[in-house]
Amino acid sequence: MNSIHEDLTINDLDWQDRTFALFALEPSAELRTSLQRHGILSPPWIWQKPNGSRVIVDGFKRLFWARREGLKTFECLIFPQDYDPARLMIERAAVKLSGAPLNTAEKSQLIARLTDHLSQQELLRLYLPRLGIPAKPGAIGKWVRLAASPQELLTAAACDDICERAALQLADWEGESQKSMVALLKQLRCSSSIQCEILDRVKEIALRDSIRKEQVLTDPAITDIILDETVNHREKTQLVRARLYRRRYPRVAAREERFVRDMNAAGLPSNVKILPPPSFEGATWQLQLYFQNPQQLMEMLQDLKHSVRTGQFAALIRP
Amino acid sequence: MRNKPSKILVEEACRTSRLVEKLRRNLPAAQFEVVETISDSPLRDPRRLEVVQFRGRFLKSCPGTRHYFCCGYQILHFGVQCSLNCTYCILQAYLNHPNLRIFGNQEDLFRELRQELATHRERLYRIGTGEFTDSLLVDPWTEFSRDLVPFFAKQPNAVLELKTKTDFIDNLRDLDHRGHTLAAWSLNAAPIRRREETAATTIKQRLAAAKKVAQWGYKLAFHFDPMIEYPGWREGYREVLDRLFSSVDTSRIVWISLGAFRFMPELKPIIQRRHPGSTVIYGEFIRGLDGKLRYFRDIRVELYAWMVDRIREVDAHICVYLCMEGEDIWQQVFGFSPQERGGLPAMLDKAVETRMGIAPR
């Protein structure tokens with residue numbers, strides 16, 4: 001590196017130039033504490049551009065903190081104007097990769113920036129594995145699309161309100177649908193697998209019914225669940241999932257509901273359970289008995305003999 | 001002519017085969033290239049036809065599973081892949097050889113077939129070529145049917161079923177088939193044909209072809225497989241049934257099969273990627289006993305029962321069967337299980353005997 005250490009004043013920086021910026025959240029609590037106690041320990045990188053302006057390369061959080069705190073000068077590492085910006089970006093990536101784990105939004109922006117300077121092969125081979133991303137064809141495109149997504153999605157992904165897989169899928173959703181889904185997932189605060197399930201269900205219902213995804217999300221039943229202040233986010237998640245399941249699989253859901261009704265009507269003892277074939281496919285039903293001694297089992301079997309002869313039992317296993 | 005291959009890649013071992021000779025004669029403008037071996041490649045080229053030396057068994061049993069009743073059909077494996085590009089097709093999952101591939105060593109195929117049929121003379125063989133490829137898609141250039149149909153004409157214990165979505169029937173004219181060949185078409189409702197089978201012939205063309213081959217003395221079969229549930233499916237399937245029965249005399253039809261759409265879960269992302277506009281995979285599918293995704297049972301029963309009723313209104317005696325369905329579905333649709341009639345293969349053998357007059361001695 002041909003850089004030199006130098007003291008600069010805060011006002012010397014071009015704060016508008018975001019050439020090297022990655023999406024970032026507020027500094028972490030640890031970083032804030034360290035800055036308060038010790039000030040800037042590791043000098044930010046600044047590039048003196050050929051037009052004379054000075055842009056931040058690395059150290060955005062530290063410098064924004066410094067400006068907020070009213071610091072006048074700071075020590076930095078200055079890169080001269082003939083320094084190749086591509087090389088500078090790659091070196092910045094190396095620093096980021098060796099530091100604290102990046103959030104989803106940062107990863108996406110790092111990949112997007114590097115696509116300007118590296119070949120797809122280099123990115124796939126050298127960088128994606130280091131970011132914990134499987135080096136599959138098409139992966140770079142997905143991450144670049146996420147990097148270009150609106151602020152709401154990037155913020156939700158950066159804060160882990162939306163998991164990585166869901167964020168990558170959502171990057172391909174059109175404006176209003178994406179916005180509605182981000183809002184819903186932020187409210188539900190559910191696990192990654194449930195986020196992906198909700199996304200898939202909404203997408204498939206929309207494709208099947210030739211409607212926009214936000215029309216699925218603005219279904220009054222879903223809106224009512226979201227607005228209901230008497231249920232917590234876990235209950236809301238279950239209700240939303242159930243609603244989407246009923247809409248995606250109406251006849252399977254109706255059959256399941258009928259089974260529950262018939263099971264109740266059959267009046268079987270509470271220690272006897274009838275299990276239908278998975279998804280009612282095939283003709284093999286299961287019976288579960290819970291007993292504590294041979295006498296109890298004998299009595300249950302006697303009772304069952306009577307129960308299976310009833311019309312209610314026949315209705316229970318009727319196709 | 002649609003789907004005409006323009007690049008023929010031939011393995012050295014097949015260079016002087018009769019098949020390649022016929023291809024050179026019928027495709028004079030095509031570019032031929034001979035290579036030592038054709039290796040697998042994921043690159044799809046619908047204009048390419050590969051001729052390879054096949055080293056496996058040409059005759060295979062239909063890949064049924066123990067969970068559902070299988071028709072007991074034998075597959076004559078003469079090639080693999082299809083360039084019709086139907087959205088729902090299982091052949092899309094054969095990622096390593098996406099192009100049409102025909103086996104050049106047809107002498108070996110006939111040798112194996114002759115031996116097998118001679119070994120079990122007491123048994124009736126129902127043999128088809130339309131499982132891993134379309135039976136007639138490349139027939140205009142390979143003329144394979146011109147060898148196959150007369151071969152089956154001489155077999156007392158076998159019938160051949162050529163299953164297609166094309167109207168490439170010209171080679172069948174004037175062949176000495178002696179009633180041992182069934183010409184069969186896959187049919188679907190017209191909206192499904194338009195959306196999901198874009199490179200195949202129209203239903204009208206298929207039925208016109210069926211009518212013609214019936215006039216040439218061939219028996220017929222029709223396969224409504226995959227049946228797809230969509231808004232208006234009743235009207236769609238009613239229309240195609242009406243057209244079918246007004247095109248051909250039902251006494252020429254040996255069987256009609258019904259099979260609701262089912263697919264391996266791995267096929268779903270492939271269809272999503274290759275046919276993003278297709279909605280066939282968004283029905284109410286559940287995981288079947290064989291691991292494939294299939295419509296929820298009530299939907300299948302509704303599709304089948306409706307079709308069977310319409311077919312029975314026209315001809316109460318046509319053999320209608322369900323492809324890969326279980327006892328409970330058969331009972332609900334037909335009121336009986338194939339087991340009560342000796343099994344599904346026996347039912348189809350019976351149809352061959354009744355409608356084609358063929359039974360092993």
Margin query: Quick check: the distance between the Cα centres of region A:197-215 and region B:152-199, to the nearest angstrom?
Written below: 39 Å
Checklist line | Calculated FRET value between A:ASN2 and B:SER6, using beta carbons and R₀ = 51 Å, to 0.05 | finding: 0.30
Checklist line | Residue-by-residue Karplus 3J(HN,Hα) for region A:154-169, coefficients 6.51, -1.76, 1.60, Hz, glycine and proline x | finding: 5, 5, 4, 5, 5, 8, 6, 5, 10, 6, 4, 4, 5, 4, 5, 5
Next item on the list: In nm, give the distance between the simple-model label positions of B:ARG111 and A:THR73, each being 7 Å from the Cα along the Cα-to-Cβ direction.
Entry: 9.4 nm
Margin query: What's the magnitude of the charge dipole for region A:1-83 around its Cα centre, counting Lys and Arg as +1 and Asp and Glu as -1 at the beta-carbon? Answer in Debye, nearest 20.
Written below: 280 debye
Item checked: Counted charge near B:ILE299, where neighbours are those whose Cβ lies closer than 10 Å (Asp, Glu -1; Lys, Arg +1) -> 0
Next item on the list: Could you tell me which of B:VAL159, B:ALA221, B:PHE132 has its Cα farthest along the dipole of region B:54-356 towards the positive end, charges placed at Cβ (Lys, Arg +1; Asp, Glu -1), taken about the Cα centre?
Entry: B:PHE132
Next item on the list: Give a residue-ordered list of calculated ³J(HN,Hα) values for region B:299-316 (Karplus: 6.51 cos²θ - 1.76 cosθ + 1.60, θ = phi - 60°; whole Hz; x for Gly, Pro).
Entry: 5, 4, 4, 5, 4, 5, 4, 5, 5, 4, 4, 5, 5, 5, 4, 8, 8, 6
Notebook entry, point to check: How would you classify the protein assembly as shown from its alpha-carbon gyration tensor, with a ≥ b ≥ c the square roots of the eigenvalues: rounded for a/c under 1.5, else prolate if a/b is greater than b/c, otherwise oblate?
Noted result: oblate
Item checked: Dipole magnitude (debye, nearest 20) for chain A, charges at Cβ of Lys, Arg, Asp, Glu -> 920 debye
Next item on the list: On a C-alpha basis, how far is the centre of region B:264-314 from the centre of region A:141-185 in Å? Whole number, if you could?
Entry: 32 Å
Next item on the list: Specify the angular offset, from 0 to 90 degrees and rounded to the nearest 10, of the alpha carbon long axis of helix A:250-266 from the longest principal axis of the alpha carbons in chain A.
Entry: 40 degrees
Checklist line | Unit charges on C-beta of K, R, D, E only; dipole of the protein assembly as shown, Debye | finding: 1200 debye
Item checked: Degrees between helix A:233-248 axis and first principal axis of chain A (Cα, 0 to 90, nearest 10) -> 70 degrees
Next item on the list: Subtract the Cα-Cα distance of A:TYR290 and A:ASP224 from 0.36 nm times their separation in residues, and report this length gain in nm to one decimal.
Entry: 19.8 nm
Margin query: Quick check on packing: order B:211-218, A:6-13 by the mean number of other C-beta atoms within 10 Å, highest mean leading.
Written below: B:211-218, A:6-13
Check: Using the Cβ atoms and a cut-off under 9 Å, what net charge is assigned to the surroundings of B:ALA260, where Lys and Arg are +1 and Asp and Glu are -1?
Finding: 0
Note to self: Counting pairwise Cα distances across chain A, what percent come out greater than 29 angstrom?
What the structure shows: 58 percent
Notebook entry, point to check: Counting alpha carbon pairs within less than 8 Å and at least 6 residues apart, what relative contact order, in whole percent, applies to region A:238-319?
Noted result: 28 percent
Next item on the list: Find how much the distance from A:SER98 to A:GLU174 grows on full extension, using 0.36 nm per residue of separation minus their present alpha carbon separation; answer in nm with one decimal.
Entry: 23.9 nm
Check: Does region A:163-248 come out rounded, prolate or oblate, given a ≥ b ≥ c as the square roots of the eigenvalues of its C-alpha gyration tensor, rounded meaning a/c under 1.5 and, failing that, prolate meaning a/b above b/c?
Finding: oblate
Next item on the list: Could you state the angle between the C-alpha long axis of helix A:60-69 and the longest principal axis of the C-alpha atoms of chain A, as a value from 0 to 90 degrees rounded to the nearest 10?
Entry: 70 degrees
Item checked: Number of partner chain Cβ atoms within 10 Å, mean per residue of B:273-285 -> 3
Notebook entry, point to check: So, in nm, how far is label B:GLN339 from label B:GLU313 when the simple model puts each one 7 Å beyond its Cα toward the Cβ?
Noted result: 3.4 nm
Next item on the list: Please work out whether region B:49-143 counts as rounded, prolate or oblate from its C-alpha gyration tensor, where a ≥ b ≥ c are the square roots of the eigenvalues and a/c under 1.5 means rounded, while otherwise a/b larger than b/c means prolate and anything else oblate?
Entry: oblate
Check: Roughly what would the spin-label model give for A:GLN187 and A:ALA242, points 7 Å off Cα along C-beta, in nm?
Finding: 1.7 nm
Next item on the list: Using every Cα-Cα pair within region A:262-316, state what percent have a distance larger than 15 Å.
Entry: 51 percent
Next item on the list: Quick one: what are the phi-derived ³J(HN,Hα) couplings along region B:236-246, Karplus 6.51/-1.76/1.60 with θ = phi - 60°, whole Hz, x for glycine and proline?
Entry: x, 6, 4, 4, 6, 5, 4, 5, 4, 6, 8
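Laboratory data are not the source of any read-out in this text; all were calculated from the coordinates shown. The structure displayed is predicted, hence computed values, not measured ones. So basically every Cβ, Gly included, is an ideal-geometry build from the backbone, and we count neighbours across all protein chains shown.
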